[in-house]
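Have a look at the structure below before the remarks.
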Amino acid sequence: MSDLRIRPAALPDIDPVLTFWKEAAEGTSISDDPGGLARLIERDPASLLLAERAGDLAGTVIAGFDGWRCHLYRLAVHPDHRRRGVATALLRAAEERFVSLGGRRADAMVLDDNASAHPAWRAAGYGPEPQWSRWVRPLEN
């Protein structure tokens, strides 16, 4: 795994990340567009973490911290790099970021239908909280 490099995304990474998510991520988000990613990177430059191997984008995770809670989104690993420690390294980097910011508990957005991801999340120590549901309302710009 010594050939894996984790770094924060920068504005020039936006298009490659959006292309990567189309191939490697499950589901889509209303903010999966250049403007949404630019706002994320400009507001919190260390929140979108990229894993690269031999110059190729191997994985991503968004490690957002709002000053109170630690939120994980968009953990995605390219199919050619799965089961090689990429997700583990990304989660470790995200959790180290949270601890350095004073975070005390991380939560992850995991699609219920993404059953192949559930064992990986459980192996990393995460689990669903059955008493919670996610309620959402899209906002208009």
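The values are calculated or read from the model by the stated rules, or taken from the named source; none is laboratory data. All values reported here derive from a predicted model rather than from experimental measurement. Neighbour counts run over all protein chains shown; Cβ positions are idealised from the backbone, glycine included. Please note that ligands, DNA and RNA were not included when accessible areas were found on the heavy atoms of the full protein model with its side chains. Shrake-Rupley method; radii C 1.70, N 1.55, O 1.52, S 1.80 Å.
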Q: Name the long-range amide H neighbours of Ala106: under 5 Å, sequence gap of 5 or more, or other chain; modelled H, no Pro or chain starts.
A: none
Q: Can you check what the net charge comes to around Glu95, using other residues whose Cβ is under 15 Å from the Cβ of Glu95 (Lys, Arg +1; Asp, Glu -1)?
A: +3
Q. So how far, in whole Å, is the C-alpha centre of segment 1-73 from the one of segment 118-141?
A. 18 Å
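Once neighbouring chains are kept in place and the probe is 1.4 Å, which whole percent of the accessible area of segment 5-131 is contributed by carbon and sulfur?
Working: 3890 of 7550 Å².
Carbon and sulfur: 52 percent of the exposed surface of segment 5-131.
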Q | Probe 1.4 Å, protein heavy atoms only - accessible area per residue of the chain in square angstrom | A | 67 Å²
Q | Calculated Cα extents along the principal axes in Å (choose from (i) 45, 40, 28; (ii) 42, 37, 32; (iii) 55, 28, 26), label | A | (ii)
Q.
Skipping prolines and chain starts, which residues have an amide H placed within reach, meaning under 5 Å, of the one on His78, given they are 5 or more residues away or on another chain?
A. Gly59
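Report the longest stretch of the chain that contains none of the chymotrypsin sites (Phe, Trp or Tyr not before Pro) sitting in a DSSP loop with at most 14 other Cβ atoms within 10 Å.
Numbers: sites that count: Trp68, Trp132, Trp135.
Segment 1-67 is the longest.
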